[in-house]
Amino acid sequence: MEKRSFGEYWKCGGRMSRAEDSSPNGRSGGCLCGAVRYEVRGPLRPVVDCHCTMCRRTSGHFAAFTATRPEALVLIESKGLRWYRSSATARRGFCEICGSSLFWEPDSGERVSIAAGTLDLPTGLETVVHVFVEDAGDYYEIGDGLPQRADGDHGIMIPAD
């Protein structure tokens with residue numbers, strides 16, 4: 001069965017067939033129940049911890065996201081993938097079966113953020129910055145010494161291939 005990139009997934013109306021993973025170089029991940037599985041076939045950005053209200057509400061705590069280019073994200077299994085328009089400028093992908101929060105995608109389409117906890121181990125990634133820290137919950141402190149930003153403009157780019 002043919003695999004399609006993330007961008008192609010949407011061109012076909014959100015319907016993809018299941019295919020077996022054959023790439024030894026990609027990083028894989030998925031939801032808790034397995035109804036969404038993916039592979040990343042390109043570089044991943046370091047992890048950004050987001051403390052905004054929307055991330056806290058969709059994840060139950062702050063959210064840790066890496067990111068890649070849309071064409072590098074290949075959906076292996078997508079039967080549970082659904083999207084929620086969470087703001088005027090972005091949407092969030094989640095599994096409708098187990099509720100796992102998986103993706104965040106801005107309307108600009110320049111990247112797809114991937115919930116770092118959904119990647120299979122080892123990830124080889126590290127957290128580099130906290131964003132929207134003024135929205136952080138009042139039940140925890142950010143004390144790891146990493147940079148903190150009041151806004152979401154972290155400046156962390158996806159590395160070149």
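Shown in residue order for the stretch 141-148 are the 3J(HN,Hα) couplings computed by the Karplus curve 6.51 cos²θ - 1.76 cosθ + 1.60 at θ = phi - 60°: 10, 9, x, 8, x, 6, x, 10 Hz (x for Gly and Pro). Report note on the peptides 62-70, 143-151, 127-135: ranked by the mean count of other C-beta atoms within 10 Å, highest first, their order is 62-70, 127-135, 143-151. A Förster radius of 22 Å combined with the Cβ-Cβ distance from Y139 to T53 puts the calculated FRET efficiency at roughly 0.95.
Counting Cα-Cα pairs of the stretch 67-161 in 10 Å increments starting at 0 gives whole-percent bin shares of 12, 40, 38, 10, 0.
Quick note: the coordinates plus some simple rules give every number you see, no bench work behind them. Just so you know, these numbers come straight off a predicted model, no measurement behind them. Neighbour counts are summed over all protein chains in view; Cβ atoms, including those assigned to glycine, are modelled from backbone coordinates with ideal geometry.
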